[in-house]
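Beneath this line is the structure, given in structure tokens, with notes to follow.
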Amino acid sequence: MRSNYKFPSLIIILFTLLSFTASSQDYPFARGFSKGIIFLNDSSQLSGQLKWFPNQYEKLQFRLKEGGDIKKYAPGEIMGFTADGLKFEALFDLEVYAENYALLGKTSRVKHTFGEVLSSGPVAIYYVLVTGYNAVSGVVEIYPNIYFQKKVNDKYVYAHYPVGIRMKDKKYEKAKENLYVFFNDYPEIVQQIKAYKKQDDFFKIIESIHKTNTTN
């Protein structure tokens, strides 16, 4: 992927994320077209205007200029995009914490979506929003997940964790188990995760992982 894009500082990203609510993600490009760049699968890129609501079923809308023809792209048809100082990449075959986990303790599968890049390096970190139907409240809700990726023996492995989802503490504790295995080479991170409680700020752990990425 060729681009002159520069990542904003993690502190800015985290402040922005924490200012959002899980029920109404306030990305500017979710409300209307914003200036941005899409990265095509041949590693070329196009500058123009784009619009995307964070939903695994929504395609990204792109046009070269205001009033121009709109083309829609699903994850896989493009590698990702940047807009409003943020970068997103296409992610595939995700296991996520959503309505099934909040209600039944079972994870869900998502075929593909775009995830916001929080950190790159040995451990890539993404912020992923998925939608699901809450059978208890009878409404469609957004379920935020933090998604981790690393390479082990030339293969990518993944882990995930829910944030800001209304559910019992014991389900948050259960969700931490996959992180202990994923971060077995990072004992300090594992200790932070073990000490974490639902009411704590999980983005402090993300910041620690980001610092590890920048020193390796």
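Miscellaneous remarks
- The set of residues in segment 193-211 that are surrounded by 17 or more Cβ atoms within 10 Å (Cβ to Cβ), over 17 Å from the mean Cα position of the chain (by Cα) and assigned to a helix (DSSP H, G or I) contains only ILE193.
- Among residues of segment 191-209 that are closer than 17 Å to VAL128 by Cα and at pLDDT below 95, none has a Cβ under 8 angstrom from a residue that is of a type in the set (Asp, Glu) and loosely packed, with under 15 Cβ neighbours inside 10 Å at a sequence gap of 6+ or on a separate chain.
- Checked against (1) modelled with pLDDT of 95 or more; (2) of a type in the set (Asp, Glu); (3) surrounded by fewer than 13 Cβ atoms within 10 Å (Cβ to Cβ), GLU77 meets all criteria but (3).
- Scanning segment 99-116 for residues that are under 19 Å from LYS35 (Cα atoms) and either part of a loop (DSSP other than H, G, I, E, B) or among the acidic types (Asp, Glu) (or both) yields a single hit, GLU116.
- The lone exception for GLN61 - which of (1) touching a residue at least 40 places away in the same chain (Cβ under 8 Å); (2) surrounded by fewer than 19 Cβ atoms within 10 Å (Cβ to Cβ); (3) under 19 Å from TYR27 (Cα atoms) it fails: (1)
The values are calculated or read from the model by the stated rules, or taken from the named source; none is laboratory data. Keep in mind the model is a prediction, meaning the values are calculated, not measured. Because the Cβ atoms are built from the backbone with ideal geometry, glycine has one as well, and the counts that use them run over all protein chains shown.
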